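Contents: one structure, followed by commentary.
The values are calculated or read from the model by the stated rules, or taken from the named source; none is laboratory data. All of these numbers come straight from a predicted model, not from anything done at the bench. FYI the Cβ positions are ideal-geometry reconstructions off the backbone, even for glycines, and counts take in every protein chain you see. The accessibility values were calculated without ligands, DNA or RNA, using every heavy atom of the protein model including side chains. Shrake-Rupley method; radii C 1.70, N 1.55, O 1.52, S 1.80 Å.
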Amino acid sequence: VSDELEMCKKINKVLIIKRTISGEGCGFAALDMSLHPVLEYHSGSKPVIDFDRFICTLWEQSELFRYKLDDVTIRILPGKYGFVLQRNPKRLTHRRIPHEMNLLQQPFNPEVFNFNKIDSKEVLFNVRRHTDGKVEDHRVIINVSPINYGHCLLIPHPHLCLPQVITEDSLELCMELISMSQKRGFCIVANSLLAYASVNHLHYHFLYIDQPLLAQTIDAKPIINLHNKGHCYELTESPMPGFGFQMSSISSARDCARIVFSVIDVLLQENIPHNILMIRGSPFSNPNDSPVTRIIVTPKLPAIGKSN
């Protein structure tokens, strides 16, 4: 497995370099800023826009969902954790057939479904980000099989056709975007391969969750100060092991992304699948202080095969 993993890493690096130069070979359609709305901003600062209304208005206008959210029931389970349980039968029967995943770092395959093969009407808007003297373009699309209201997907650097392997710069992008939301229940989620990602094309989920989640208040203890930029916390009361991080403002997104990726990189090197959740919550160890963005990273046992 280790030999296959190293080979996949080398293949991915070669393919990314090739696509960066040519912009071809993976079905990418160039971003036409005249076809879709654009959220444009400079890294480290917020645009003058109602972020949540912007997303939700565009989401409500889409007509390409595979089903309506008219058969969804939600329960909060009794007990100390208050788990939120959702019944959404249409997602099970109407979603795209998941890819079969056998490695944590599989090369991107342009022959199978990826987010460059979608109908152009599935694109909600483009994100144009000015950072370090360059301009980046990203896409936000609807999830045609939504979990709940407002469910959409962020595709970082779609022209690079990146596999579903978390990168430091995409973490920074997500941390900046979540800082633009005024909704406490807005969250960003990523699943690695072998941890229930169903498409091997780098993407993050945007979700609005009305119910309070354990991740917003669960306590944690600091275990190390990484790069002297912030702490990595160990979740002490969670039903599953995990690590916690926190970000106070959009201006600290870069430092926080560097800290979080330090842990993600170890998981990748050790071939450990993982999930990531970003959500507004109380600060670790100081629950009465002003809310922060919490980043929760949970290692997982590998789920080989198709994600259901």
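Summing +1 for each Lys or Arg and -1 for each Asp or Glu, what net charge is found among the other residues whose Cβ lies under 10 Å from the Cβ of residue 280?
Details: positive: 183, 184, 294; negative: none.
Neighbourhood net charge equals +3.
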Compute a Gaussian network model of the chain, connecting alpha carbons closer than 10 Å, and tell me which residue from 120, 43, 248 fluctuates the most. 120
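I'd like to check one number: the per residue accessible area of the chain, probe 1.4 Å, reported in Å² as a whole number. Can you show the working numbers first?
Values: 15040 Å² over 308 residues.
With all protein chains present, the chain gives 49 Å² per residue.
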Can you give the FRET efficiency to the nearest 0.05 for residue 97 and residue 40, using r as the Cβ-Cβ distance and R₀ = 51 Å? 0.90
Three-way shape call for segment 134-191 based on the alpha-carbon gyration tensor, with the a/c threshold at 1.5: oblate
Over its alpha-carbon atoms, segment 23-157 yields an Rg and a Dmax in Å of 17.7, 52
Rounded accessible area of residue 167 (nearest 10 Å², 1.4 Å probe): 40
The chain, Gaussian network, Cα under 10 Å: of 72, 292, 38, the residue fluctuating most is 72
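Carbon and sulfur: what percent of the chain's accessible surface (1.4 Å probe)? Could you put the intermediate results ahead of the total?
Details: 7960 of 15040 Å².
Using a 1.4 Å probe with all protein chains present, the chain comes out at 53 percent carbon and sulfur.
Looking at the chain, do any whole DSSP H helices span at least 18 angstrom along their long axis by alpha carbon and average -1.0 or above on Kyte-Doolittle, and which? Walk me through the numbers before you get to the answer.
Working: long enough: 2-22 (30 Å, -0.10); 253-269 (23 Å, 1.05).
Helices meeting the criterion: 2-22, 253-269.
Give the value in nm², to one decimal: projected area of the alpha carbon convex hull of segment 87-181, averaged over all directions.
Details: hull surface 31.2 nm².
Its Cα hull, projected and averaged over all orientations, spans 7.8 nm².
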Taking the alpha-carbon set of the chain, what are its Rg and Dmax in Å? 18.7, 55
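Given the -39500 (n - 2.57) contribution per DSSP H run of 4+ residues, what per-residue ellipticity at 222 nm results for the chain, rounded to the nearest 500 deg cm²/dmol?
Working: 5 runs with 67 residues, N = 308.
After summing the helix terms and dividing by residue count, I get -7000 deg cm²/dmol.
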Most mobile of 173, 85, 268 per a Gaussian network model of the chain (Cα springs, under 10 Å)? 85
Could you tell me what % of all Cα pairs in segment 169-297 have separations over 22 Å? 30
